[in-house]
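Quick notes on the structure that follows.
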């Protein structure tokens, strides 16, 4: 590796010599987002060409998955304890191979009403983020109690835990592009569809230790 | 390098009506969507102020935040490199690729890498980096610079892309549907992803307190490049650092809404460590930024978050294309940024402006672009860098505007010229204005003469008003 410490000192020297007079840091309010969190979430996710399904219980959501995931000669990658796919992230020590996954099923513990975003990290993706990127269809379970109002609230919820995750991403709909004549095309290079399965649970489920605040 | 003549380049695009109209329409739609989403958020203007203040705060403590970022990123297992120049930046990356015996590398859109012409550098040394973003890939295959920092191929029509893909990727030249063309691209890239050995990406925000980076993108190509290959190299300018993770929320809420009028990008990704078994590097580039920081006149250009809103709104940019600027950063921000890279080459860019001020109104971090346009024109005049004809005009204007008498002489001369000079001379290259305008009918008198003739009457009517004092000035 090239030693760049000389460049580093030269850059710092110029910054210190020329930086503008100190400007104080402002306080950013924790802006919320008005309206019903779950309804906003669904509306926004659909605006990003995502799909949303609501269920009265987690069991209903799982039953729906059993029926609706495309099983025909396909690899279904599941990270859920209560839904068995044909493979899981553990079967992919080499992420390049994830191109053969047809559907990936995971659970998110944080949704954002303002944008219809689902927060997923290595923790939910079994340490292989490629399962959510190179698959065709992405299914994400979420407890409706885990959907927060706006993005400021979402960042506040993960600010102490995100750093532990190599990869942490707000997924907002399937991959898309508008690079040719600004025509919106869904399904660019990541997943070509994203379905959120929103379930209500009578009692808040036990949350993983990496998301202590995710329900706020 | 020769001086860029944006006016001449732009004139060619203006004449190409189908391309010009499509360019204008696509970008103006983005601007209108931006207004819609912004107006739905009551705190929008407050957010712009805060985003500007955070950037100013960070820039005024840049050494501190860069050190904090470096310390935390290193603790996270990320290798940090520093580059003063594009050559250093490119050499660091080239050496890393070479050490890892990389034959297939993909890159998700990075402005810093474009600024350094990294692709060109490694290509000369026998290595090829595949642009994985659709727009960037189109431009790479066409051997052309990006037209726009967010939508790099927006100046092309679907037929252009179909023809290009047919030639380079073997697709059907007669199918011009963007869905089909996107499918061609997807299939082409999937083959690369099966064997990529290195991924490259840019950085939207580097977070000092956590030592991670945030990248906002739509297509998924950036994330794939980040997490699939065993080597990840990110590239960023020194100004990309912000103090806190909570601050990212504010910028993410502003970025895509300003860029395309969409509430967020499909992927808002944070990388804090390499993946298991992966090696991760970040190259931090100066390339004149620390010098810009030291300028009391234009350090505020460093606040720019590269959303492209100023381009979408600019009446000149929309009709003349981004390519006409022959610059990595085009449009309004390019006009005030590029002269600080190479004053002679980009001296004419600040003249490609109608002074509508719209860029300043939409900028999410309040870069004072309209003021900086005037600043750079001043520098051009002082250093005699602009067009010769501008130089002559400016010298003449300075003489004429010196006193009321010389101005009156100038007015009389202009009227005399309009009345007496032959039409061919009035329409000649000496008067570029006449290229696209008809010369006015010569009036009966100059405004000054008209004013004097009516002076007595007006004075009588306004005897008791303030206007009286104004009118009695010796004109």
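Read the figures in this text as sums done on the coordinates, not as results from a lab. Please read all numbers here as calculations on a predicted model, not as lab measurements. Virtual Cβ from ideal backbone geometry, glycine too; neighbours counted across all protein chains shown.
Using the Cα gyration tensor of the stretch A:35-199, with a ≥ b ≥ c the square roots of its eigenvalues, what is the shape: rounded (a/c below 1.5), prolate (a/b larger than b/c) or oblate (neither)? It is rounded, given that a/c, with a ≥ b ≥ c, falls under 1.5. Rounded to 0.05, the FRET efficiency of the residue A:200 and residue B:2 pair, given R0 = 56 Å and the Cβ-Cβ distance, is 0.25. Cβ crowding within 10 Å, taken as a proxy for footprinting-reagent exposure, orders B:305, B:207 from fewest neighbours to most as B:305, B:207.
For chain B, a/c is not less than 1.5, where a ≥ b ≥ c are the root eigenvalues of the C-alpha gyration tensor, and a/b tops b/c. That puts it in the prolate class. I want to verify a result. In a Gaussian network model of chain A, Cα cutoff 10 Å, which of these has the top mean-square fluctuation: A:47, A:178, A:201? In this elastic network of chain A, the residue with the biggest mean-square fluctuation among A:47, A:178, A:201 is A:178.
Taken residue by residue and averaged, Cβ atoms of other chains lying within 10 Å of the Cβ of B:294-303 number 2. Sorting B:193-201, A:112-120 by average packing, meaning the other beta carbons within 10 Å per residue, from highest down gives A:112-120, B:193-201. Classify the stretch B:41-291 as rounded, prolate or oblate from the Cα gyration tensor: take a ≥ b ≥ c as the square roots of its eigenvalues, call it rounded if a/c is under 1.5, otherwise prolate when a/b beats b/c and oblate if not. Note, shape of the stretch B:41-291 comes out oblate.
Between the beta carbons of residue A:73 and residue B:101, assuming R0 = 41 Å, the FRET efficiency works out to 0.70 to the nearest 0.05.
Working from Cα positions, state the angle (0 to 90°, nearest 10) between the long axis of helix A:5-18 and the longest principal axis of chain A. Helix A:5-18 and the main axis of chain A meet at about 70 degrees.
For the stretch A:1-107, the Kirkwood hydrodynamic radius from C-alpha pairs, put into Stokes-Einstein at 20 °C and a viscosity of 1.002 mPa s, yields a diffusion coefficient of 109 µm² per second. Averaged over peptide A:22-33, the number of partner chain Cβ atoms lying within 10 Å of each residue's Cβ comes to 6. For chain A, a Gaussian network of Cα nodes joined below 10 Å ranks A:73, A:40, A:143 by mean-square fluctuation, and the top entry is A:73. Centre-to-centre, using Cα atoms only, the stretch B:24-62 and the stretch A:1-72 are separated by 17 Å. Taking the C-alpha atoms only, the angle from helix B:404-420 to the longest principal axis of chain B is near 90 degrees. Ordering of B:21-31, B:432-442 by packing is B:21-31, B:432-442, highest average first (other Cβ atoms within 10 Å, averaged per residue). Take every Cα pair under 8 Å whose residues are at least 6 apart in sequence, average their separation, divide by the length of the stretch A:35-199, and the relative contact order is 30 percent. A full extension of the chain between residue B:437 and residue B:44 corresponds to an added length of 137.4 nm, given 0.36 nm per residue minus the alpha carbon distance.
Please report, in whole Å³, the volume per residue of the convex hull around the C-alpha atoms of the stretch A:10-64.
So the per-residue Cα hull volume is 229 Å³.
On the principal axes of its alpha carbon atoms, the protein assembly as shown extends 94, 62, 57 Å, with the longest extent given first. The simple spin-label model puts a point 7 Å past each Cα toward its Cβ; for residue B:381 and residue B:450 those points are separated by 2.7 nm.
Inter-chain neighbour count for B:158-170: the average number of beta-carbon atoms from partner chains within 10 Å of each residue's beta-carbon is 1.
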